[in-house]
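What follows is calculated from the coordinates using simple rules that are stated; it is not laboratory data. Predicted model only: the values in this text are computed from it and were never measured. Cβ sites come from the backbone with ideal geometry, for glycine too, and all protein chains shown count toward neighbours.
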Ligand code: AMP
């Protein structure tokens, strides 16, 4: 079933205990789309400036099931830029700078042929843009949003409006606390359910993720990674693996099509797909690992992870 994502295309500079990468391809939309593309087609709606290097465009085009016809390259505009530095345990990072560039301009246009999209992911970007995008997809069956500290601190009113309209929210442990004032992630997520969504996914980095759904409560560990080079994009590739799986499962069972939202069981399986995708992404800087990833490697690690979760 058609999956669409809106978010940022970024030029990132990242410092981790393993090294650093300068002016590499990043952005919430980019990581999401690359991850989701392993499950099926994914449409991008985003804007970048004409300073985006051809090499970065080439990386986006490398993923054959990404439809980049909704990616606007604006003459004279600057691409969104972000710099981050991870602490020694890589669990925390500081934002060094955020240059909004094209994000401060008019939102990207949505190609007419994307209007039939049924699975909608609003990756990290200004909540007003996320809200506008949501309204543009009247056939949506599942709309999920991500957000982060910058928007919680600077665009709270728009974010509250958005939360009242989406089916699900994906966010980090710290962000859940910032949004609700509640330190316990389950209590924070329950508070968010009262604001609108029918489920919340709280990501806790190497400590895994929680699914707080109106139908139940679930928890998954992270994949026990041996090699963590750069955690950037872990959240977006998690969401891409999750939504890509749900859209592909929806395409296999179109009979359930009239219902909005997603069941607890389907979501928990989707979280496992997200977990495995994120575990690959963090093995290298930028999109380098996802670029090299083979379907067989993904399937093998998913089978291994599912095996680890079985308790006799
Ligand atoms: P993640 O590590 O999953 O949070 O994603 C990091 C990516 O998000 C980086 O590649 C950045 O370019 C992008 N990013 C950082 N800050 C923001 C922001 N405030 N809004 C949207 N995207 C952002």
Expressed as a whole-number percentage, the relative contact order of the chain with C-alpha contacts under 8 angstrom and at least six residues apart is 18 percent
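Okay, helix-only estimate at 222 nm for the chain: each DSSP H run of n ≥ 4 adds -39500 (n - 2.57), divide by all residues, round to 500 deg cm²/dmol; what do you get? Kindly include the intermediate steps, with their values, before the conclusion.
Values: 11 runs with 116 residues, N = 312.
Calculated mean residue ellipticity at 222 nm is -11000 deg cm²/dmol.
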Place a point 7 Å from the Cα of residue 69 in the direction of its beta carbon; the residues of the stretch 9-44 whose amide N falls under 14 Å from it are 42-44
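Taking 0.36 nm per intervening residue step and subtracting the Cα-Cα distance, what contour gain separates residue 22 from residue 299 on full extension? Display every interim value, and only then the final one.
Details: separation 277, 0.36 × 277 = 99.72 nm, distance 3.15 nm.
Separation in residues times 0.36 nm, less the Cα-Cα distance, equals 96.6 nm.
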Expected sort for 149, 236, 54 with the fewest Cβ neighbours (10 Å cutoff) up front is 54, 149, 236
Provide the percentage of antiparallel DSSP beta bridges, counting only those with both residues in the stretch 1-155; round to the nearest 5. 35 percent
Semi-axes of the chain's equivalent ellipsoid from the Cα gyration tensor, sqrt of 5 times each eigenvalue, largest first, rounded to whole Å? 25, 23, 21
The stretch 70-224: C-alpha pair distances exceeding 20 Å, %: 55 percent
Label-point separation (nm) for residue 154 and residue 195, each offset 7 Å from Cα along Cα-to-Cβ? 1.8 nm
Over every pair of different alpha-carbon atoms in the stretch 1-51, take the mean of 1/r and invert it; report that Kirkwood radius in Å. 12.2 Å
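For 305, 38, 32, what ranking results if the residue with the fewest other Cβ atoms within 10 Å of its Cβ goes first?
Values: 305 19, 38 24, 32 33.
Ordered from fewest to most neighbouring Cβ atoms within 10 Å, 305, 38, 32 come out as 305, 38, 32.
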Once the Cβ-Cβ distance between residue 226 and residue 128 is put in as r, and R0 is 41 Å, what FRET efficiency do you end up with, to the nearest 0.05? 0.50
Quick one: Cα convex hull volume of the stretch 30-69, Å³ per residue? 63 Å³
What's the extension gain from residue 265 to residue 161 if we count 0.36 nm per residue and subtract their Cα-Cα distance? 34.7 nm
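Counting other beta carbons within 10 Å of each residue's own, what order do 148, 243 fall into, fewest first?
148, 243
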